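Heads up: the structure comes next, in structure tokens.
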Amino acid sequence: MSNPPSTKSGHSHPTEVGGIPVYVVQKRGEPAALRLIKGPGAPKSYSLQLAESFIGRGEDATIVVESASVSRRHARIERTDKGYLCHDLGSANGVFVNGTQVESAEMRNGDTVQIGDALFVFQAGA
């Protein structure tokens, strides 16, 4: 019986087990994303890599939606240890998750998020 593969930290060279090279590939999951499927600028995908992302028509928003139906700071997407939350920031037209108006909602893969006339689909990270 041969020895288990040894690790070589910081090297991309394979280790050997019984004379056969064994490669280790570090998997990096894809970050969660919001896909804009209807509305101004659609289609477009926005990566949710930050701890929080702001959606609005203001230039300081992380995700800018150029529409009069969207407040300057309309909503906030928050990454938590358990997943993602969507918060309405007191917008004039509200935030709708799966067609229901919410002040705050936990987001799951495939959920729709409507902000003004912009419709997004939430994609959980891999």
Task: Single match in Arg79, Arg108 (criterion: open to solvent by 50 Å² or more (accessible area, probe 1.4 Å), under 15 Å from Ser47 (Cα atoms) and out of contact with any strand residue (DSSP E or B) (no Cβ under 6 Å at 6 or more places or on another chain)) - done: Arg79
Task: So Lys8, is it open to solvent by 40 Å² or more (accessible area, probe 1.4 Å) and at pLDDT 95 or above - done: no
Open item on the list: Please pick out the residue among Ala61, Ala51, Ala33 that is touching a strand residue (DSSP E or B) at 6+ places or on another chain (Cβ under 9 Å) and surrounded by 19 or more Cβ atoms within 10 Å (Cβ to Cβ).
Closed with: Ala61
Task: Number of the exception - Ser67 against (1) in contact (Cβ under 8 Å) with a residue 24 or more places away in the chain; (2) part of a loop (DSSP other than H, G, I, E, B); (3) open to solvent by 20 Å² or more (accessible area, probe 1.4 Å) - done: (3)
Open item on the list: Could you check region 33-69 and list, in sequence order, the residues that are of a type outside the set (Ser, Thr, Tyr) and more than 19 Å from Asp88 (Cα to Cα)?
Closed with: Ile37, Lys38, Pro40, Gly41, Ala42, Pro43, Lys44, Gln49
- [ ] Out of Arg72, Arg28, report the one residue that is at pLDDT 95 or above, outside any strand (DSSP E or B) and open to solvent by 60 Å² or more (accessible area, probe 1.4 Å).
- [x] Arg72
- [ ] Kindly list the number of the only condition in (1) modelled with pLDDT of 95 or more; (2) under 23 Å from Pro31 (Cβ atoms); (3) of a type outside the set (Ser, Thr, Tyr); (4) part of a loop (DSSP other than H, G, I, E, B) that fails for Asp81.
- [x] (1)
- [ ] For region 115-123, state whether one or more residues are part of a loop (DSSP other than H, G, I, E, B), surrounded by fewer than 18 Cβ atoms within 10 Å (Cβ to Cβ) and free of Cβ contacts under 8 Å to residues at least 60 places away in the same chain.
- [x] no
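The values are calculated or read from the model by the stated rules, or taken from the named source; none is laboratory data. Keep in mind that what you see is a predicted model, and the values were worked out from it rather than measured. When we count neighbours, we look across all protein chains shown, and the Cβ atoms used for this are built from the backbone with ideal geometry, even at glycine. Just the protein is used for accessible areas: all its heavy atoms, side chains included, with ligands, DNA and RNA removed. Shrake-Rupley method; radii C 1.70, N 1.55, O 1.52, S 1.80 Å.
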